[in-house]
């Protein structure tokens, strides 16, 4: 029975398995090679925080109509972002009116975000 178990685990390796040494003589492990870049992890966390802040501002600062347009246009509800023409059709208003409301809503969000809102589309 233990022979079968060993055979199944034969291809398994530990993340702490040494695979060589670097120029300074330090041991390099599988985990060192496969590790995630810390900047990527930090960047992802910062994006999540920014997205949550924007969602909170959409909820608190925009009217119901502005909110619905921004949510539909940018897919903030997890849906697919829609073009202005489609948003207008769903809401029973013209594409140009959607554009004006969207522009006003984004200006409100930019102002609420302060200088950090310059990246907001």
When segment 45-69 is checked residue by residue, the ones that are more than 22 Å from residue 101 (Cβ to Cβ) and surrounded by 14 or more Cβ atoms within 10 Å (Cβ to Cβ) are 50
Out of all the residues in segment 74-92, which are at pLDDT 95 or above and surrounded by 14 or more Cβ atoms within 10 Å (Cβ to Cβ)?
82, 84, 86, 87, 88, 89, 91
What number of residues within segment 66-92 are over 17 Å from the mean Cα position of the chain (by Cα) and not in a helix (DSSP H, G or I)?
3
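Regarding residue 28, is this residue surrounded by 10 or more Cβ atoms within 10 Å (Cβ to Cβ), in contact with a strand residue (DSSP E or B) (Cβ under 6 Å, 6 or more places away or on another chain) and at pLDDT 80 or above? Write out each step before concluding.
Details: surrounded by 10 or more Cβ atoms within 10 Å (Cβ to Cβ): yes; in contact with a strand residue (DSSP E or B) (Cβ under 6 Å, 6 or more places away or on another chain): yes; at pLDDT 80 or above: yes.
Judged against the criteria, residue 28 is a match.
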Scanning for something modelled with pLDDT of 75 or more and more than 31 Å from the chain's Cα centre (by Cα), does segment 42-65 turn up at least one residue?
no
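The values are calculated or read from the model by the stated rules, or taken from the named source; none is laboratory data. None of these values were measured; they are calculated from a predicted model. Here Cβ is always computed from backbone atoms with ideal geometry, including for glycine, and neighbour counts include all displayed protein chains.
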